[in-house]
Protein chains: 2
Amino acid sequence: MAVGDDELSRIFAALADPTRRDIVARLAVGDASVGELADPYDVSIQAVSKHIKVLADAGLVTQTKDAQRRPCHLEAEVFDLMTKWIEHYRRQAQARYERLDAVLAEVQADDHGTEHSHPHPQQGAAS
Amino acid sequence: MAVGDDELSRIFAALADPTRRDIVARLAVGDASVGELADPYDVSIQAVSKHIKVLADAGLVTQTKDAQRRPCHLEAEVFDLMTKWIEHYRRQAQARYERLDAVLAEVQADDHGTEHSHPHPQQGAAS
DNA sequence: GTCATCTTCAACCAATCAGTTGAACAAGGA
DNA sequence: TCCTTGTTCAACTGATTGGTTGAAGATGAC
């Protein structure tokens, strides 16, 4: 992860592994112990324990105590951090498109007759 | 990334790096060449070129040709794949909470008088 | 206390990653 | 043509990752 030690980096990195996404999917159904989570996979329990640690470090999972068991619980609110980040830039990009389309329409209205190929051309930076 | 070669894994992995998220943020404003993107960072252009390649392999960025320049363009629709995954499990977890709350309320109505501590207890699996 | 169960810690290994430097390639300008 | 600019390729390095095995902690059952 190198320098990517901020929370968002840890969350994205945690979900970059299919086994861990699978564990999250399983936990969305209901809490489960490490052993229960490890069952479906043919890797060692220790490996799954490590995966859970990664998810926990990212804040996606919390563990409580129940005798020897350490039931895992999905902290779904953490998803919001990601969703916010994603939506912010998706919106920004989309807004730019709309602005660009408006400009193109205006240009086209200006010199109507000269044909412009429509697909979004690149712009140097923000206009 | 090991076995995480599916598209979702590549996308999450790509965004797990703060420099790459930064590049995405920059591209949300407008298309930019590799050199322009590399400018703000004190790492080599080659390093940034590699980052862009990672983003491109994840489908988040496409590059076109403009003389020697290779303008990068953000493909924001790819975000939807992530958002869908996230929302699916967030909803599922949330629905489980609501179900659980309903059950707790019912139990509490049943034996009203016996005090139950409210915070969500874990359940073995799906009910 | 002793034993079995569930989980984590520690040490190791092969593979991947993010960075470097130096060379090559591609395209425009003198 | 030669030179400059922009980008990528290739080889190398140190750090991190996901996996392993074996031992050690906890905790309940006998």
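The values are calculated or read from the model by the stated rules, or taken from the named source; none is laboratory data. The shown structure was predicted, so the numbers you read here are calculated from the model rather than taken from an experiment. Here Cβ is always computed from backbone atoms with ideal geometry, including for glycine, and neighbour counts include all displayed protein chains.
Of all residues in segment B:25-74, those satisfying the criterion of being within 11 Å of DNA strand C (Cβ to nearest atom), touching a residue at least 24 places away in the same chain (Cβ under 8 Å) and surrounded by 14 or more Cβ atoms within 10 Å (Cβ to Cβ) are B:Val48, B:His51, B:Ile52, B:Val54, B:Leu55, B:Asp57, B:Ala58, B:Arg69, B:Arg70.
Residue-by-condition table, conditions (1) within 9 Å of chain B (Cβ to nearest Cβ); (2) within 12 Å of DNA strand D (Cβ to nearest atom); (3) part of a helix (DSSP H, G or I):
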site: A:Phe12; (1), (2), (3): yes, yes, yes
site: A:His51; (1), (2), (3): no, yes, yes
site: A:Leu55; (1), (2), (3): no, yes, yes
site: A:Phe79; (1), (2), (3): yes, no, yes
site: A:Gln92; (1), (2), (3): yes, no, yes
site: A:Arg99; (1), (2), (3): no, no, yes
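Applying the criterion of being away from DNA strand D (no atom under 12 Å from the Cβ) and either farther than 20 Å from B:Arg96 by Cβ or of a type outside the set (Val, Ile, Thr) (or both) to the residues of segment A:57-68, the residue that is farthest from the other protein chains (Cβ to nearest Cβ) is A:Gly59. Give segment A:24-49 a look and list any residue that's more than 8 Å from chain B (Cβ to nearest Cβ), more than 10 Å from DNA strand D (Cβ to nearest atom) and either under 29 Å from A:His88 (Cβ atoms) or of a type in the set (Asp, Glu) (or both), or say none. Matches in segment A:24-49: A:Asp39 only. Of all the numbered requirements in (1) under 30 Å from A:Ile23 (Cα atoms); (2) facing chain A (nearest Cβ under 7 Å); (3) touching a strand residue (DSSP E or B) at 6+ places or on another chain (Cβ under 9 Å), B:Glu75 misses one, and that requirement is (2).
Please tell me if B:Ile86 is of a type outside the set (Lys, Arg), away from chain A (no Cβ under 11 Å) and surrounded by 16 or more Cβ atoms within 10 Å (Cβ to Cβ). So B:Ile86 fails the test.
Every residue, every condition in (1) over 21 Å from A:Leu8 (Cβ atoms); (2) among the basic types (Lys, Arg), yes or no:
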position	(1), (2)
B:Arg10	no, yes
B:Leu27	no, no
B:Val34	yes, no
B:Leu37	no, no
B:Asp42	yes, no
B:Ala58	no, no
B:Glu75	no, no
B:Trp85	no, no
B:Tyr89	no, no
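Could you say whether any residue in segment A:36-54 is in contact with a strand residue (DSSP E or B) (Cβ under 8 Å, 6 or more places away or on another chain) and modelled with pLDDT of 95 or more? Among the residues of segment A:36-54, at least one is in contact with a strand residue (DSSP E or B) (Cβ under 8 Å, 6 or more places away or on another chain) and modelled with pLDDT of 95 or more, which makes the answer yes.
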